[in-house]
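The values are calculated or read from the model by the stated rules, or taken from the named source; none is laboratory data. The model shown is predicted, which means the values in this text are computed figures rather than measured ones. Cβ coordinates were reconstructed from backbone atoms using ideal geometry, including for glycine residues, and neighbour counts include every protein chain displayed.
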């Protein structure tokens, strides 16, 4: 059909992600997609809030960025603050307690996303009735799966509580170390649940793998595009979610940079800005703003690491990489499979740590080193690489803070996924349906974006689509689940 | 014989935003009472895993702050609400009940206690004087109900305390 007016579609807000975002899709006179963008519609401002505050507040204060994955911010800020108190290397008990906290966080966050935010799309289909395509639908039709997701998340939260003191906004990590070790009772209580968690994590990997392989033709053309990938890796190239050097690879798997010291990130990463978004657009400096964008998060980590140091997750990684003959997997939908491999890795690491007597050590803090006034820390948050960069003055007040959260790094990839899916499923369509719009949201959701972290937001996210003519006039408006209403 | 119920109090809100911390403050009050078979938890927001605790209780009381200026507090019944508005990581009281019902086949008697807040738009821990007074009034009315643990008394109380 030849359309006589160019149109602008707005999906606002995007659903089943954390925070507020909207998508605008501009259609040309032929109804093809001329432009598609993901907008983050609020402003965070945390970097400014922290200026003038004493640095020791950072590990607790930055958690207020989010009530969902505060542990990543808590630990990343703690790693930076370690330098301010002369603790470039914290005691072994402190590091292992922090790692345990982090793997607990990864486990619960990935479980929540897969079972309760994304599984409705995967189980019912992207076009399924929106009244069913939600967590209640999963609970009604797949109750065992829903229970598994809930119990996996609960277990992860218990790990966090045992290490951080609270499930949300804990205080376990302190400048130079940790404020408690793990008691034998805490250890044994957690260990008792590990076998069941491993069973469920294995089955989640199988579910995500089966879905991807059974729908590989869909996945190949659903927000699929080559990209660079970035993550932390250990000295030997192993996946390391807590610490390591930065590695970036190109779309063929060739190394762009490797083992970059956290303190030197500004020599490798630049934060670009665009007039239409509050979110920045980071890129690899040596490649430039046009092509230097990259993916982070589970897909990037599985693509970029040399191997995984836990046996079951490593076997799963090999299966994953075999699909693309060892080359980086370019499919946005493959994030789900990668995320479940990391979930299995997380429970393997939790088991390994719980059986490590270092967690009962009593040396918890070390501040014997040389103090610095500027520090960078990087951690692999569930959604991807997280940067915290601070500078303090001689009075211990924060002078500068800069955070690059994983959703910011995934900004350009998500925009590309939105455009690709919009072109395929909306471009040229005679009528825009809720199912078509959900396809766009599915592409965004695969990245598990935390728009609250990327900017600042909370609240309800109804979906509104607005059609504009070439002159910018509003022609039609669709609220999610409602019929189009003519406004002319 | 008076039925003796187990009660779960879930106070939610952000104590770092002044009166938004009324829910957690009420949960702290209940914990301090030390009543048998009355459990109180405070949290920033309700999460899917809270449905597990729900399913183990006879009565659940969700406690939140409200901007409604009409009364110091309201106590109203809550029903399971499996609406597709679940869009984020947080869950509404009705949504949580719906999940509990779907997964466990039953949901407890549920009530939403809303306590009037006066100051929300500030970054500060601690309640305003007005909110502290309203909290005390709500606590004075709810304490006998919590001590009695009689489902019928809760049902009867709603007619007097639900002004929504």
Discussion item. With assigned to a helix (DSSP H, G or I) and modelled with pLDDT of 90 or more as the only criterion, which of A:75, A:117, A:112 stands out?
Written reply: A:75
Worksheet item: When the residues of the stretch B:1-33 are filtered to those that are over 15 Å from the mean Cα position of the chain (by Cα) and modelled with pLDDT of 95 or more, which remaining residue is surrounded by the fewest Cβ atoms within 10 Å (Cβ to Cβ)?
Response: B:32
Item to complete: Go through the residues of the stretch B:126-139 one by one and say whether even a single one is assigned to a strand (DSSP E or B), within 20 Å of residue B:160 (Cβ to Cβ) and in contact with a strand residue (DSSP E or B) (Cβ under 9 Å, 6 or more places away or on another chain).
Response: no
Discussion item. Being within 13 Å of chain B (Cβ to nearest Cβ) and in contact (Cβ under 8 Å) with a residue 12 or more places away in the chain is the requirement here; does residue A:111 meet it?
Written reply: yes
Worksheet item: Residue check: is residue A:90 surrounded by 22 or more Cβ atoms within 10 Å (Cβ to Cβ), more than 14 Å from every other protein chain (Cβ to nearest Cβ) and in a loop (DSSP other than H, G, I, E, B)?
Response: yes
Worksheet item: Name the residues in the stretch A:120-149 that are more than 24 Å from the chain's Cα centre (by Cα) and either assigned to a loop (DSSP other than H, G, I, E, B) or more than 10 Å from chain B (Cβ to nearest Cβ) (or both), would you?
Response: A:127, A:128, A:129, A:130, A:131, A:132, A:142
Response to the item:
Of A:152, A:101, A:197, the only residue that is within 23 Å of the chain's Cα centre (by Cα), at the interface with chain B (Cβ under 10 Å from one of its Cβ atoms) and buried (at least 23 other Cβ atoms within 10 Å of the Cβ) is A:152
Fill in: Residues of the stretch A:224-234 satisfying the condition of being within 23 Å of residue A:104 (Cα to Cα) and in a loop (DSSP other than H, G, I, E, B)
A:234
Worksheet item: Can you name the number of the only condition in (1) surrounded by 22 or more Cβ atoms within 10 Å (Cβ to Cβ); (2) at pLDDT below 90 that residue A:129 fails?
Response: (1)
Worksheet item: Looking only at the stretch A:1-47, which residues are in a loop (DSSP other than H, G, I, E, B), at pLDDT below 70 and within 13 Å of chain B (Cβ to nearest Cβ)?
Response: A:13, A:14, A:15, A:16, A:17, A:19, A:20
Practice prompt. Within the stretch B:142-158, count every residue that is within 15 Å of residue B:77 (Cβ to Cβ), touching a residue at least 12 places away in the same chain (Cβ under 8 Å) and touching a helix residue (DSSP H, G or I) at 6+ places or on another chain (Cβ under 9 Å).
Written response: 4
